[in-house]
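What follows is a single structure, written as structure tokens, with notes after it.
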Amino acid sequence: MYGWQKWKQDGEMAGTEGEAKRIEAIQIRLKMLEEYSVEYRVYVQGYGWQKWKHDGEVAGTVGESKRIEAIQIRLVKKEKRQQEPEIKYQVHGEDYGWQNEKEEGVIAGTQGENKRIEAIKINISGVSETAKIKYMVHVQDYDWQPWGENGTTVGTEGKSKRIEAIKIKIENLPGYTVEYRVHVQDEGWQKWKNDGEVAGTEGKSKRIEAIQIKIVKTEERQKEPEVIYQAYGQDYGWQKQPEEGYIAGTVGEAKRIEALKIDLHEAPENANIKYRAHVQNIGWQDWVSKGEIAGSQGKSQRIEAIQIKLEGLDDYTVEYQVHIQDKGWSAWYIDAEVAGTVGKSKRIEAIKIRIVPKYKREYTGIDVSEHQKTIDYDQLMATGKIDFMIIRAGYGRNSNQKDNQFERNYAEAKKRNIPIGAYLYSYATDGVEGAKKEAYNMLGFLEGKDFELPIFYDIEDPSQQGIDRQTQTEMCLAFGRIMQQAGYKAGIYSSKNWLINNIDLNQIPEDFSIWVAAYGINDGNIPNDKYKFPGYHDIWQYTSTGTINGIQGTVDMNICYRRYF
């Protein structure tokens, strides 16, 4: 909030008292001691110990909201100052070309702007002539490219091709390790990798958007906590332990998971992972931990739902995804949310679990249409309250029913890198055929545009109240499948009561999103129970009377629980 303060000296206080503000970076320098250097290093939230800095160099981070948790300072004679190897790197990105050079863990690339890294150069200094930094990248449409080294360019320029994965390693530098992590499209920051391990993804068509690289002493290598887990399944008993994030159980064999064991690896002593299962004929069992059994063995009873949570790992989140009988893979759930079903007699057939750096739990946003008139986007963005926006594209089945502000709202949001979705207000009363006609009309509105959030079918008009539940469900499915075939994410919007009474949510696939309107007091404020709707609902429209700078009058306000961007 304050940025760099003025220089202090001779016992003066640097920082703040009583304001709960973290120190994020520090510089120290000497005066009148020509033969000496001051060396210092800091322990940074989530990163651990940084390298020693000296004589006014920046220790810590700037613009990353990471607190300094510890510091070491020492005086040394300049001729005895230890020179440590340093790494510098530069990325070429979508729209911005080559960025300025970064060093030692500083973020290169962008976050929240949906821009791909296309090429990278990495170099090291303070090392012998035989030492090398080598790196290779997996490029869209090209697969893995040859290794580059010591400042050569890998990737592409001017071809609009994303880097999807990277490997980095050091040669002839005993006692040191290279560590790196990447920010991946739709996934955020991955864990730290080292010495030739793959960072990023293969086969998922996901761009790397940012990267951090650092060289550390081998004994100081950052150990990332991992989760280990096993499933006990129908007919096969205990399976082998999969790698973190991979499938335990079976898919396509109609076999239930009956028990689970979960534990942590490479975690601090005070860290713990706790979990409990909802079991057929039993209900929720007690919480267990440290590899204890959740569920049952030899009783032929299915696990129907699971909750998992971390303790003592404040910088991390546990994510888990389950494969549900007749429904397929669920969304990823986190931090004690219920994955699976309760009261529906559906077995869990498989599970994936992973620990990732903590990310924002919920996002706040608005949905807009021509009713909000001409929005002042500069004022809107200055509020700092908009994580996403859902824009009405139009209504009904005719091409002349485009929302009057759709094109402007889309263009202005894109210009400011606001993640966006869109919706069409339905008037269809002739069943599936009407929904299909509206879907094809919607594709005309969306042509040439891309969206981070789904395209929603807004079904709530009073004229549709008399349509039977099954037909309305099939209308939603028909609209959504056409959106998916066109390459968009699909979703359904309506009020809580409409979704309960008029749509059979059991028939809605897990890869459809549900956006629910439920207002309660409807005073424009975020309700105290803001986690009321995760689970079957991905976005909650909690008020229609919100107000925000940049918009005249009121606007719908939303909380998004799913990480679309």
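List of remarks:
- Members of region 182-210 found to be over 14 Å from the mean Cα position of the chain (by Cα) and either over 11 Å from Glu164 (Cβ atoms) or not in a loop (DSSP other than H, G, I, E, B) (or both), listed by number: Trp192, Lys193, Asn194, Asp195, Gly196, Glu197, Ala199
- Here region 115-149 is the region considered, the condition is being in contact with a Ser or Thr (Cβ under 7 Å, 6 or more places away or on another chain) and aliphatic (A, V, I, L, M), and the residue that is surrounded by the fewest Cβ atoms within 10 Å (Cβ to Cβ) is Val139.
- Boolean, Gly312 is farther than 19 Å from Arg563 by Cα, surrounded by 14 or more Cβ atoms within 10 Å (Cβ to Cβ) and either of a type in the set (Phe, Trp, Tyr) or in contact with a Pro (Cβ under 7 Å, 6 or more places away or on another chain) (or both): yes
- Inside region 396-415, residues that are in contact with a Ser or Thr (Cβ under 9 Å, 6 or more places away or on another chain) and either outside the structural domain of Ser463 (by TED's automatic domain parsing) or among the acidic types (Asp, Glu) (or both) make up a count of 1.
- Residues that are crowded, with 16+ Cβ neighbours inside 10 Å and of a type in the set (Ser, Thr, Tyr) were ranked within region 230-273; the one that is farthest from the chain's Cα centre (by Cα) is Tyr232.
- Residue in region 84-94 that is touching a residue at least 12 places away in the same chain (Cβ under 8 Å), within 30 Å of Gly158 (Cβ to Cβ), touching a strand residue (DSSP E or B) at 6+ places or on another chain (Cβ under 9 Å) and not in a strand (DSSP E or B) present: yes
- Any hit, region 374-385, residues being crowded, with 21+ Cβ neighbours inside 10 Å, closer than 27 Å to Arg562 by Cα and not assigned by TED's automatic domain parsing to the domain that holds Asp95: yes
- Residue under evaluation Gly105, criteria (1) in the same structural domain as Ile208 (by TED's automatic domain parsing); (2) out of contact with any Ser or Thr (no Cβ under 9 Å at 6 or more places or on another chain); (3) part of a loop (DSSP other than H, G, I, E, B), criterion not met: (2)
- Taken over region 446-485, the criterion of being hydrophobic (A, V, I, L, M, F, W, C), within 23 Å of Val368 (Cβ to Cβ) and part of a loop (DSSP other than H, G, I, E, B) is satisfied by Phe451, Leu453, Ile459.
- Hits in region 91-106 - residues which are closer than 20 Å to Ser65 by Cβ and either acidic (Asp, Glu) or modelled with pLDDT under 90 (or both): Glu103, Glu104, Gly105, Val106
- Meets criteria (over 17 Å from Gln190 (Cβ atoms) and aliphatic (A, V, I, L, M)) for Ile117: no
- Residue, surrounded by the most Cβ atoms within 10 Å (Cβ to Cβ), within region 334-351, restricted to residues that are touching a residue at least 40 places away in the same chain (Cβ under 8 Å) and within 25 Å of the chain's Cα centre (by Cα): Ile348
- Among the residues of region 36-52, those that are part of a strand (DSSP E or B) and either closer than 26 Å to Tyr316 by Cα or without any contact (Cβ under 8 Å) to a residue 24 or more places away in the chain (or both) comprise Arg41, Val42, Tyr43, Val44, Gly48, Trp49.
- Residue match in region 432-448 (condition: within 26 Å of the chain's Cα centre (by Cα) and either buried (at least 16 other Cβ atoms within 10 Å of the Cβ) or closer than 26 Å to Val555 by Cα (or both)): yes
The values are calculated or read from the model by the stated rules, or taken from the named source; none is laboratory data. Only a predicted model underlies this, so the values are computations on that prediction, with no experimental measurement involved. Reconstructed Cβ throughout: ideal geometry from the backbone, glycine too, with neighbour counts over all protein chains shown.
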